[in-house]
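Since the structure comes first, as structure tokens, the remarks are kept for the end.
Computed from the coordinates by the stated procedures, all read-outs in this text should not be read as laboratory data. Predicted model only: the values in this text are computed from it and were never measured. Glycine gets a Cβ as well: all are built from the backbone with ideal geometry, and neighbour counts include every protein chain shown.
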Amino acid sequence: MIKRVEIKNATVEYPVFDVLSRSIKASLLQGIDNDGRLKFVRALDNIDLSIQDGERIGLVGRNGAGKTTLLRLIAGLITPSNGSISAKGRVVPVIDRGIGIHPELSGLQNISLPLRLLGANSAEVAKAKAEIPEFTGLGDAILRPFKTYSEGMKARLIFALCTTIRADLLVLDEWLGAGDIEFTERAQYRLRDFVNRAGALVIASHSLDLIQNVATRVLWIDAGKIRMQGKPADVCNAYRIASAG
């Protein structure tokens, strides 16, 4: 079994600035302590994690717990302040809803650029143009400007884009939650098929039902740490109880 990701003692810290301040000077002063040093917030704290081919990792936790930061770290979009991370193969991150999509262009026209940004070659783009309209079920809407799409339609297209090309590791943030029930069921099947054919998946979502249905292992992220990990039902139930308390 190939180890796709290896994270060792990884810490991620961000400088603190008050973006709501009325001036650049005030913003900078908000981010400096009494000793004249920059203030930092620790988004991830000494994370150790290994991900192997075939795994579907689900991330749960409250807003601000560090889930998105961990996704960005795994996707290679940020580097750790301390510790290390290594990833093997093609990583496809779908964390930013834009991913190169132009709102004025049609859904069909918007297939090429996002896939190129995700590393697709010409053959993969051509295959996607033939496959995506049918999978998404958008019908004639595939020829309409993307900006006219509902949130569910946008989710369908984006999800189809990120699961069309071959990937060794797919990193997703909440993308299934915006689709309707029928599409979500098809998307879950596609995810399972995707992982079985190629690599691994890491997905963060507030939908515990979705996480339990998709994941093979779940991590509960709390205050930048892995508070608990294990079987999806066990971790999700523990998180439900803690959240209700």
With Cβ to Cβ distances under 15 Å as the rule, what net charge do the other residues near Arg240 carry (K, R +1; D, E -1)? 0
Considering the chain as a Gaussian network with a 10 Å cut-off on Cα pairs, which listed residue, Asp140, Asp193, Asp234, attains the greatest mean-square fluctuation? Asp140
Before rounding to the nearest 500, sum -39500 (n - 2.57) across all DSSP H runs of length at least 4 in the chain and divide by the residue total; then give [θ] at 222 nm in deg cm²/dmol. -10500 deg cm²/dmol
Footprinting exposure proxy for Glu182, Glu6 (fewest neighbouring C-beta atoms within 10 Å first): Glu182, Glu6
Here the net charge surrounding His206, from other residues whose Cβ is less than 11 Å away from its Cβ (Lys, Arg +1; Asp, Glu -1), is -1
Counted neighbours (other Cβ, 10 Å), sorted fewest up, put Phe40, Phe183 in the order Phe40, Phe183
When DSSP beta bridges are limited to those with both residues in the chain, what percentage is antiparallel, rounded to the nearest 5? 55 percent
Sorted from fewest to most neighbouring beta carbons within 10 Å, what does the list Ser84, Ser205 look like? Ser84, Ser205
If one builds a Gaussian network model of the chain from Cα atoms under 10 Å apart, the most fluctuating residue listed among Leu118, Leu157, Leu143 is Leu143
Angle between the Cα long axis of helix 151-162 and the longest principal axis of the chain, 0 to 90 degrees, nearest 10? 90 degrees
